[in-house]
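Worksheet: one structure, shown below.
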Amino acid sequence: MRPEKYANFHLLKAIRAKGVHKRRVELRKYLVVARVLSSGECVKKVKKEMKSLGKLRDATVASCVPLPHYKARKMEVEKCILPRTPGSRLIIAERVFHLMSLIPQERELHPLRKKVRECLFLLESLGLRDARLKGVAKELGRLRDEQLRAELCLDERRELDVSPYREVAFQVMKELLSQTEFNHLKNKLK
């Protein structure tokens with residue numbers, strides 16, 4: 001699969017999505033790839049939309065904060081379809097390798113969660129899927145929601161040990177990257 005095709009597919013799904021969560025997930029999948037392959041106005045527009053949807057989602061998760069009304073509005077991103085980019089698979093694989101190399105140093109939930117989720121979507125854009133990595137990303141998201149709820153509703157700060165998640169995510173990413181066609185990355189993984 002070409003990463004641009006993956007991103008464009010999810011952009012179109014986001015445009016058709018009605019709910020906050022669904023639209024945000026689909027936009028995130030597009031944005032993760034688009035930030036690596038392009039820059040400019042489309043990335044800015046999608047980031048702005050993601051920010052407003054994120055605030056609504058956080059309020060929903062906390063549920064102790066009154067939720068503002070959300071009406072799915074027309075997004076101004078229809079012209080953000082990514083063109084075919086020569087070498088896009090290599091560019092994406094190298095980004096995954098870079099993010100993966102940062103994971104062993106992560107000690108906090110939020111930055112680890114962001115890196116794992118980004119790698120998950122980038123690997124999916126290469127056609128590489130793994131239930132273990134998706135499970136780690138989901139669990140980190142669940143823990144982040146709990147942490148957010150505790151901060152907003154109970155006014156308490158919770159620290160978590162993320163080392164088990166970090167180790168599993170790193171090993172799975174290493175396995176998946178070794179399945180790519182890029183020998184120079186496979187050699188670096190040894």
Single residue of segment 164-190 satisfying the filter (part of a helix (DSSP H, G or I), more than 19 Å from the chain's Cα centre (by Cα) and free of Cβ contacts under 8 Å to residues at least 12 places away in the same chain) that is farthest from I91 (Cα to Cα): P164
How many residues does segment 13-39 contain that are touching a residue at least 60 places away in the same chain (Cβ under 8 Å), hydrophobic (A, V, I, L, M, F, W, C) and closer than 18 Å to S52 by Cα? 3
Name the residue that is modelled with the lowest pLDDT, counting only residues in segment 152-170 that are surrounded by 14 or more Cβ atoms within 10 Å (Cβ to Cβ) and not aromatic (F, W, Y). L152
Looking at R157, R149, can you tell me which residue is more than 23 Å from the chain's Cα centre (by Cα) and either under 27 Å from L56 (Cα atoms) or outside the structural domain of L128 (by TED's automatic domain parsing) (or both)? R157
Quick one: how many residues across segment 126-135 are crowded, with 16+ Cβ neighbours inside 10 Å and within 14 Å of I92 (Cα to Cα)? 2
Scan segment 101-125 for residues that are surrounded by 23 or more Cβ atoms within 10 Å (Cβ to Cβ) and either of a type in the set (A, V, I, L, M) or not assigned by TED's automatic domain parsing to the domain that holds N187 (or both) and report the count. 5
Out of the residues in segment 58-100 meeting the condition of being of a type in the set (G, A, S) and within 24 Å of Y6 (Cα to Cα), tell me which one is modelled with the lowest pLDDT. A72
Kindly provide the set of residues from segment 18-45 that are surrounded by 19 or more Cβ atoms within 10 Å (Cβ to Cβ) and over 17 Å from R117 (Cα atoms), ordered by number. V20, L37, C42
For the subset of segment 77-109 comprising residues that are acidic (D, E), in contact (Cβ under 8 Å) with a residue 60 or more places away in the chain and outside any helix (DSSP H, G or I), which member is nearest to Q179 (Cα to Cα)? E106
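The values are calculated or read from the model by the stated rules, or taken from the named source; none is laboratory data. As the structure is a computational prediction, the values presented were derived from the model and not from experiment. Using ideal geometry, Cβ is built from the backbone for each residue, glycine included, and neighbour counts are taken over all protein chains shown.
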